Amino acid sequence: MTIRNDWMRDEIQELYNQPFLDLVFQAQQIHRQNFPANTVQVSTLLSIKTGKCPEDCKYCSQSAHYDSKLEAEKRIAVSKVIEEAKQALDAGSTRFCMGAAWRNPHERDMPYVLEMVQEVKALGLETCMTLGMLNQSQAERLKNAGLDYYNHNLDTSREYYSNIISTRTFDDRLMTLDFVRSSGMKVCSGGIVGLGENTKDRIGLLHELATLPIQPESVPINMLVPIEGTPLADVEKLDVTEWIRCIAVARIIMPKSYIRLSAGRESLSDSDQALAFMAGANSLFSGEKLLTTPNAGKGKDKLLFEKLGINIEKAKPTAKELSIDAMSA
Ligand code: SAM
Ligand code: DTB
Ligand code: SF4
């Protein structure tokens, strides 16, 4: 199947507005042409520096602009990160995603994050980080240390962006994505629904992601987790079918990308989650916690996977393992 980067907004709108079951059916057909059925990739998240973020993202528990009652934490020790990464590996995760509440990493933070990447990678996990904006040199150093993915979300449409964040622009976001891509790392970029945006904004976000020069390998679709004390604490809850429509459209227009059922899963029933998998979601975050908010724990997920007959995607063999296999064949 060829990947199209020339999607028009009105084509995406047409897909989005189909009868729900037609949309989900089409998404599942495309899913099965591009991925093994009934298989989900599992990642684990860890916050390596929590709270006091200078950015003013209106949804976020970690912004210093709001009083969310979150307890801030300085950078955690690399040894602690490794302990958590080992637990994630034992629990079946194949990717470990480390997040820091920074506008961007300072130069003094670079040795810390580079050491962490090397050590997590050495455990045999795929590595992912989300540290805010990067410059080209930081992206290259992270890639050289062994970082596989960088997460940097576009979050919402270009038009709605300034309603949600005023301390940076949509173009700032695109610039970091450009640096990440040209460093050779894989891109993880998606957004949040339920921010009070309208359908056109959700379509706009999906359009931006699908028309990037190379589509992101991983696309998290978060549903707002309302945080007391933030400006979006009381925003009207978005109907879950809108979230699932976004997942289905993302699957259709980005057929080779992993579509991640992300924040907000705690509020979903098992049957809602089954519908999201039917719509083409094939990755998720496992573990008791996302970055600062609760998540469906691994026990709950194990039961869900058993109930639905879902397999967890196995780690891909490393280049080193492949060359050893070839030598012994
Ligand atoms: N500080 C970095 C940044 O913003 O790029 C990385 C961490 S940030 C927490 C990563 C993503 O989590 C955000 O881009 C947003 O999509 C999502 N997120 C944050 N708070 C959320 C919330 N309350 N509900 C749902 N998604 C949220
Ligand atoms: C993403 O898109 N979602 C994850 C990950 N990338 C870093 C984070 C979700 C955070 C949810 C709110 C919290 O736990 O603070
Ligand atoms: Fe900071 Fe990221 Fe939260 Fe925005 S989403 S306030 S950049 S931690």
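Read the figures in this text as sums done on the coordinates, not as results from a lab. These figures come from a predicted structure and were not determined experimentally. Cβ: placed from backbone, ideal geometry, glycine included. Neighbour counts: every protein chain shown.
Panel values: the range 172-328, Kirkwood radius from alpha carbon pairs, Stokes-Einstein at 20 °C and 1.002 mPa s, translational diffusion coefficient 124 µm²/s. Computed over the Cα atoms of the range 1-153, the ratio of the radius of gyration to the Kirkwood radius (Rg/Rh) comes to 1.05. Its Cα gyration tensor gives the range 171-228 an equivalent ellipsoid, and the semi-axes of that ellipsoid, as √(5λ) in whole Å with the largest first, are 23, 13, 10. By the rule of a second cysteine Cβ within less than 4.7 angstrom, the chain holds isolated cysteines at Cys53, Cys188, Cys246.
Any of Lys80/Lys302; Lys121/Lys316; Lys289/Lys316; Lys80/Lys289; Lys237/Lys307; Lys80/Lys298 with alpha carbons more than 18 Å apart? Name them for me. The answer is Lys80/Lys302; Lys289/Lys316; Lys237/Lys307; Lys80/Lys298. Eigen-decomposition of the gyration tensor built on the alpha-carbon atoms of the range 83-130 gives equivalent ellipsoid semi-axes of 22, 11, 8 angstrom, largest listed first.
On the beta carbon distance between Glu83 and Thr39, with R0 = 25 Å, the FRET formula returns roughly 0.30. Taking 7 Å steps out from each Cα toward its Cβ at Arg9 and Lys289 produces label points 4.0 nm apart. Stokes-Einstein, applied to the Kirkwood radius of the chain over Cα pairs at a viscosity of 1.002 mPa s and 20 °C, places its translational diffusion at 107 µm² s⁻¹. The three principal axes of the Cα atoms in the range 216-265 give end-to-end lengths of 38, 19, 16 Å, sorted in falling order.
Would you mind putting 223-234, 180-191 in packing order, based on average other-beta-carbon counts within 10 Å, highest first?
So the peptides 223-234, 180-191, ranked by packing, come out 180-191, 223-234.
Note on the range 99-133 and the range 282-317: Cα centroid distance 23 Å, given to the nearest whole angstrom. Take each peptide in 144-156, 298-310, 18-30, count the other Cβ atoms within 10 Å of every residue, and average; sorted highest first, the result is 144-156, 18-30, 298-310. Using only alpha carbons, the range 94-172 has a radius of gyration to Kirkwood radius ratio (Rg to Rh) of 1.02.
Taking a temperature of 37 °C and a viscosity of 0.692 mPa s, what whole-number D in µm²/s does Stokes-Einstein yield for the range 261-308 with Rh from Kirkwood over alpha carbon pairs? Taking Rh from Cα pairs, D becomes 302 µm²/s. Ordered from longest to shortest, the equivalent ellipsoid semi-axes for the range 124-253 are 26, 16, 14 Å, each the square root of 5 times a Cα gyration tensor eigenvalue. Here the residues Thr176, Thr39, ranked from fewest to most Cβ neighbours within 10 Å of their Cβ, fall in the order Thr39, Thr176.
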